[in-house]
Amino acid sequence: MPIDPICKKIVPEDTPCNTEYGGKKYHFCSDWCQVKFEHLEKSVIRMKRSIPAKERIAFGKLRKDIIKPGICTLCGACSATCDSITIKNDQPTLIDKCTACGVCYNQCPRTITTEEGLVGKMRNAYRARSALPNIKGQDGGVVTAMLSYALDEGLIDCAIVTTRSEEEPWKPVPMIARTCDELLDSSGSMYSHSMTMSALMSAIKQGLRSIAFVGPSCNIDAVTKMQKSPYGFLNLFMRANIVKMGLFCMDTFYYEGIKEFVESKNIRLEDIESMKIRKGQFEFHTPEELKVYPLHELDMYRSSSCKFCTDMAAESADISFGGVGTPQGWTTVIARSGLGYELYNEAVDNGYIDSHLLEEKEMKGALNLAKMKKIQMYSLNRRQNI
Ligand SMILES: Cc1cc2nc3c(=O)[nH]c(=O)nc-3n(C[C@H](O)[C@H](O)[C@H](O)COP(=O)(O)OP(=O)(O)OC[C@H]3O[C@@H](n4cnc5c(N)ncnc54)[C@H](O)[C@@H]3O)c2cc1C
Ligand code: SF4
Ligand code: SF4
Ligand code: SF4
């Protein structure tokens, strides 16, 4: 026997109140239920059908991602559109069958369901590496190759980059690079905060007007704020055109902390040739060997600010670069603004960069990492450790 979809009563097969919608016949106990169906339920059915297959997520995921960690705001959006959900003991609770239509997950204000929500605005994404044999870099050397192109062509007066201190090995020192040799010295990643803004201010004060600025999202945000804030150094920033080149970033560590950690493993910082964070591990290359440690061993040295950071992909940059997603020796590139897109593609066209469109599975790697960063603020473990 059919069930009235509105009042859930069992109704006779030959009830005069019935309608067909989307290839399915619906039966009602009364005109009132039929009218309600016409006005409301059709739109819910339409909405459920319009959600693409990969977004059809069951209630279990809403429970796991949002309700269990305590992120739910009790807005009631999920229970308002699905009769299978009710609010019980101050929690959305499943009380009937879940068809995994995905509506509750997709409309919950606390879930992140779009690529843009995870990694920011994107014009195009690429897997790339330097096409110049002298540029090696941290991943594909694309940042350095793109900067080299911009300097060679006279498109920028200088680049704000970060190099290693001569006195204290692996201590990041921001610098104004005006030659390709200086750029080569600055390639590679250092996993401590670099005070890049001081170098940028100094460059502007020296009268440099066209500047490429490299840094992780917190640095890029500092530039963006200066460019917009009526209370900052707007008078200085008005004078310069700045292309913002963001670095993906999950963490940095206090310099003294990295030093203490490395020395506790009987390695001297000055003997380390390169450092890399990859797949939850910290890798140190010395001339003799590769040492690999689980990243959580450095937890106590993580910069406190990074626990509160939710922007992995430097979303307000003109173009962003990271290692996640692509194979070793390649850089993942997200071109965002027209400026970032044009500059990058000119460097490709002029033979500085070997570039390919990013494949879906490569993008997924970046999206997963970005998601980890977005939800880390919600993680109870992290909060308890603060
Ligand atoms: C602190 C930090 C954390 C990172 N975490 C991740 C991560 O979790 N996942 C991921 O996919 N990618 C991460 N990256 C980005 C990655 O390490 C590479 O920088 C990126 O893939 C570009 O590689 P490349 O070979 O094209 O760059 P390269 O050509 O090697 O150029 C790297 C540029 O980064 C600059 N730089 C180096 N260290 C710093 C610093 N501390 N502050 C500001 N600028 C710096 C250099 O001056 C240089 O201009 C991180 C980078 C940094 C600096
Ligand atoms: S049937 Fe209800 S509980 Fe299940 S996914 Fe759809 S909206 Fe969520
Ligand atoms: S829609 Fe999300 S935030 Fe709102 S009550 Fe449901 S789970 Fe909570
Ligand atoms: S995790 Fe965030 S706050 Fe920390 S260095 Fe990276 S971008 Fe800056």
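The values are calculated or read from the model by the stated rules, or taken from the named source; none is laboratory data. This is a predicted model, so every value here is computed, not measured. No Cβ is skipped: glycine too gets one built from the backbone with ideal geometry, and neighbour counts run over all protein chains shown. Surface areas here come from the heavy atoms of the whole protein model, side chains and all, with no ligands, DNA or RNA. Shrake-Rupley method; radii C 1.70, N 1.55, O 1.52, S 1.80 Å.
Please specify each residue of segment 274-296 satisfying the condition of being outside any strand (DSSP E or B) and either modelled with pLDDT of 95 or more or open to solvent by less than 60 Å² (accessible area, probe 1.4 Å) (or both).
Step one: of segment 274-296, the residues outside any strand (DSSP E or B) are 279-280, 286-289, 295-296.
Matches in segment 274-296: 280, 286, 295.
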Practice prompt. Filter segment 193-226 down to the residues that are assigned to a loop (DSSP other than H, G, I, E, B) and within 24 Å of residue 119 (Cβ to Cβ), then identify the one that is least open to solvent (accessible area, probe 1.4 Å).
Written response: 194
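Residue by residue, here is whether (1) touching a Lys or Arg at 6+ places or on another chain (Cβ under 9 Å); (2) of a type outside the set (A, V, I, L, M, F, W, C); (3) closer than 27 Å to residue 376 by Cβ holds:
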residue	(1), (2), (3)
72	yes, no, yes
78	no, no, yes
97	no, yes, no
109	no, yes, yes
Response to the item:
Those residues of segment 180-192 which are part of a helix (DSSP H, G or I) and either within 16 Å of ligand 4 (Cβ to nearest atom) or of a type outside the set (A, V, I, L, M, F, W, C) (or both) amount to 181, 182, 185, 186
Worksheet item: Restricting attention to segment 106-128, which residues are open to solvent by 30 Å² or more (accessible area, probe 1.4 Å) and within 16 Å of ligand 2 (Cβ to nearest atom)?
Response: 106, 107, 109, 110, 113
Item to complete: Taking the residues in segment 99-117 that are part of a helix (DSSP H, G or I) and among the hydrophobic types (A, V, I, L, M, F, W, C) as candidates, determine which candidate is farthest from ligand 1 (Cβ to nearest atom).
Response: 103
Worksheet item: Out of (1) assigned to a loop (DSSP other than H, G, I, E, B); (2) modelled with pLDDT under 95; (3) within 16 Å of ligand 1 (Cβ to nearest atom), what's the single condition that is false for residue 140?
Response: (2)
Item to complete: Those residues that are more than 9 Å from ligand 4 (Cβ to nearest atom), open to solvent by 20 Å² or more (accessible area, probe 1.4 Å) and over 30 Å from residue 264 (Cα atoms), I need them from segment 300-317; list them, please.
Response: 315, 316
Worksheet item: Within segment 139-173, how many residues are closer than 27 Å to residue 324 by Cα, of a type outside the set (Val, Ile, Thr) and surrounded by 21 or more Cβ atoms within 10 Å (Cβ to Cβ)?
Response: 11
Worksheet item: Quick check: anything in segment 285-305 under 23 Å from residue 220 (Cα atoms) and either β-branched (Val, Ile, Thr) or within 18 Å of the chain's Cα centre (by Cα) (or both)?
Response: yes
Discussion item. Pull out all pairs, ordered by first then second residue, where Cβ-Cβ is under 7 Å, the residues are six or more apart or on different chains, the first lies in segment 329-358 and is on the phi < 0 side of the Ramachandran plot and free of Cβ contacts under 8 Å to residues at least 40 places away in the same chain, and the second is open to solvent by 30 Å² or more (accessible area, probe 1.4 Å) and assigned to a helix (DSSP H, G or I).
Written reply: none
Worksheet item: Out of the residues in segment 60-105 that are buried (at least 18 other Cβ atoms within 10 Å of the Cβ) and closer than 19 Å to residue 41 by Cβ, which is farthest from ligand 2 (Cβ to nearest atom)?
Response: 79
Discussion item. Filter segment 240-261 down to the residues that are of a type in the set (Phe, Trp, Tyr), touching a strand residue (DSSP E or B) at 6+ places or on another chain (Cβ under 7 Å) and open to solvent by 20 Å² or more (accessible area, probe 1.4 Å) and list them by number.
Written reply: 248
Discussion item. For segment 239-255, which positions are farther than 28 Å from residue 319 by Cβ and more than 15 Å from ligand 1 (Cβ to nearest atom)?
Written reply: none
